[in-house]
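Participant: Can you keep this structure in mind? I'll have questions shortly.
All of the numbers you see were taken from the coordinates with simple rules; none came from a lab. If you're wondering where the values come from, they're calculated on a predicted model, not measured in any experiment. Neighbour counts are summed over all protein chains in view; Cβ atoms, including those assigned to glycine, are modelled from backbone coordinates with ideal geometry.
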Amino acid sequence: MGEAEIFICPHCGREIWISEGLGFADCPETVFTCQNGEYPNLQERMESPAYQQTRELLNAGASPADIGENPRKNRYGQNRYICPHCHILQSRFTITLQLPDGTLFTPKYHCEHCNAPLRLYTRRSRKQTLLHCKNCNTTFDIHAENITRMIAWVD
Ligand SMILES: [Zn+2]
Ligand SMILES: [Zn+2]
């Protein structure tokens, strides 16, 4: 089960969804469906370099790890990440693979604005946290007073 925090852009009114956890289409059977060496459902959830690396590892014998009933938060499912450079909050679909030698692998994710490596975001963070609205191409601080936020649950 997943959760989304919905912020309303103060400039244009567009909803911005920041998701966490698992949505109804995020079960591993769907996500890791393989078609001729490609994983289309994974591809649409991941950045291209991370997907290419993941695809190669899967095809070389790696297997999805920690995808049981309650996967650990930072192992499988939507997670919140923040860019340490431009402070923009972004969701990413995190996966973890177990390599044939037993080690765990998680792809690196990058900021869609400045390409810096993203860090997991903890809700308690008081640091500057920005959202980028693709509709009106502006950025706003989620802690500002005039920001409307709502929570939605996704099964
Ligand atoms: Zn906007
Ligand atoms: Zn950035």
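Participant: Of the listed peptides 35-48, 81-94, what is their order by residue-averaged count of other C-beta atoms within 10 Å, with the highest listed first?
Facilitator: The most tightly packed comes first, giving 81-94, 35-48.
Participant: What order do you get for T54, T30 when you list them from fewest to most C-beta neighbours inside 10 Å?
Facilitator: Going from least to most buried by this count: T30, T54.
Participant: If you line up the long axis of helix 48-59 against the longest principal axis of the chain, both from Cα atoms, how many degrees apart are they, to the nearest 10?
Facilitator: 20
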